[in-house]
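The values are calculated or read from the model by the stated rules, or taken from the named source; none is laboratory data. Just so we're clear, the structure is a prediction, and the values are computed from it rather than from any experiment. With ideal geometry, Cβ positions are generated from the backbone for all residues, glycine too; neighbour counts draw on all protein chains shown.
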C-alpha cells in the first residue's frame, strides 16, 4: 500500500471512529450513570472543565474531565519531556483520541517531576482555571470568519433591517431560495442551501455571534429535519427542554473556550436553574456541535466544509 493510500485509509478509519454510534452511546451512558452530573452546579463544573482544556478538542476535553476531574494541565510524556519533566512511575494515564492513531496517553502535571539537572519549563499559570473577562466582546474578525464560512457549510446568509427582536432567524432551505455560489479553483459551483440564516442589521457583534452559535447548535445537534441529502436528513427527536439545554450548552462552551462574554450566560445564572435537574441531554452531541462550530471560526477550504463532507452530489462536482 502506497504512503498516500495509507494516509487516506487512516483518515477514513479515524473519521469512522469519530462518527461511530457505539462511541456516542458509550459516552452518554457513562454520563447518565454518574448521577452527580444531573445536579446543575456539578454540570456547570463539567462544562467549565471542557472549556478549560481548550487546547484539546471538546470530545477529548470531556474525556479528560470524566477520567480526572481534578486534572489541571495535561500533556503527553514526550511534551512533558520537552519541558524538562518526566512522568512518575505508576502514574495513571488519561486516555484520549488521537488523529491517525487509536488513542494517546496524557498525564496531569501532578503526575510529573522535574528531571534531574533540567530547568522546569512548566509555567504554573498554564494550570490556572480559565477566567472569562466580562468585558471581552467577540472580535469582529471572528464573527466575519464565521459568516464567510457559512456557504461552505451549506448555509445561506442575509441580513434584515433593524426592527425584529430576534438577532438571528433560521429556517430550512427550499427550492425557492437563491442558490449558493461557491468559488472552487477559479470556477463557481452552485447548489441549493440546506439552511437559511438572517441576521439583524445594527445588532452588536457579540449578540449576533451568540445568536449565530445557538442557531448552528440547532443544526449540528440535529434538532431540525432538513432532508437535504444523505448525511443531512438525520434528526433527533428530543423534548423542547432538552433542545434548549443542548443549545445553551453549545453556546456556553464555544464562548468560554474563546474566553469571550456571551448573553447566553444569563440562562445558567438564573436562580430557577439551580432548582431543577439537568434533562437527559447528549453531551457527546453537544461536544460534536462545538467542534463543528470551532472549525468554522478558522479559515477553511471547500473540502474542509460540512457541505463537501456530507453532500455526495456537491463533492462529486469538486
task: Please list, ordered by first then second residue, the pairs with beta carbon atoms under 6 Å, 6 or more apart or interchain, first in the stretch 100-118 and farther than 14 Å from residue 88 by Cα, second in a strand (DSSP E or B).
output: 103/95; 104/96; 104/98
- request: Mind listing just one residue for me: the one in the stretch 216-231 that is closer than 23 Å to residue 297 by Cα and in contact with a strand residue (DSSP E or B) (Cβ under 9 Å, 6 or more places away or on another chain) and, of those, surrounded by the fewest Cβ atoms within 10 Å (Cβ to Cβ)?
  value: 218
Residue 179 over 20 Å from residue 200 (Cβ atoms), in the same structural domain as residue 223 (by TED's automatic domain parsing), at pLDDT 90 or above and in contact with a strand residue (DSSP E or B) (Cβ under 6 Å, 6 or more places away or on another chain): yes
task: Would you check which residues across the stretch 228-238 are without any contact (Cβ under 8 Å) to a residue 40 or more places away in the chain and within 19 Å of residue 308 (Cβ to Cβ) and list them?
output: 233, 234
- prompt: Say we look at the stretch 158-174 and pick out the residues that are crowded, with 16+ Cβ neighbours inside 10 Å and under 16 Å from residue 202 (Cβ atoms); which of these is modelled with the highest pLDDT?
  reply: 168
statement: Residue set 201, 241; condition out of contact with any helix residue (DSSP H, G or I) (no Cβ under 8 Å at 6 or more places or on another chain), touching a residue at least 40 places away in the same chain (Cβ under 8 Å), more than 30 Å from residue 317 (Cα to Cα) and surrounded by fewer than 21 Cβ atoms within 10 Å (Cβ to Cβ); output residue 201
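Return yes when residue 235 is out of contact with any helix residue (DSSP H, G or I) (no Cβ under 9 Å at 6 or more places or on another chain), assigned to a loop (DSSP other than H, G, I, E, B) and either at pLDDT 90 or above or under 23 Å from residue 253 (Cα atoms) (or both) and no when it is not.
Taking the combined requirement at face value, the residue satisfies it.
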- request: Taking residue 153 as the residue in question, decide whether it is closer than 30 Å to residue 232 by Cα, surrounded by 13 or more Cβ atoms within 10 Å (Cβ to Cβ) and modelled with pLDDT of 90 or more.
  value: yes
query: Going by the conditions given, is residue 287 modelled with pLDDT under 90 and either under 20 Å from residue 158 (Cβ atoms) or buried (at least 20 other Cβ atoms within 10 Å of the Cβ) (or both)?
result: no
- line: Filtering the stretch 170-185 for residues that are part of a strand (DSSP E or B) and either touching a residue at least 40 places away in the same chain (Cβ under 8 Å) or touching a helix residue (DSSP H, G or I) at 6+ places or on another chain (Cβ under 9 Å) (or both) leaves a count of 7
query: Which residue, of 212, 253, is assigned to a helix (DSSP H, G or I) and touching a strand residue (DSSP E or B) at 6+ places or on another chain (Cβ under 7 Å)?
result: 212
message: Testing residue 281 on (1) in contact with a helix residue (DSSP H, G or I) (Cβ under 6 Å, 6 or more places away or on another chain); (2) part of a helix (DSSP H, G or I); (3) farther than 21 Å from residue 191 by Cβ; (4) at pLDDT 85 or above, one condition comes back false. Which one is that?
response: (2)
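Condition check: loosely packed, with under 15 Cβ neighbours inside 10 Å, in the same structural domain as residue 147 (by TED's automatic domain parsing), more than 26 Å from the chain's Cα centre (by Cα) and touching a residue at least 40 places away in the same chain (Cβ under 8 Å). Does residue 189 satisfy that?
No, not satisfied.
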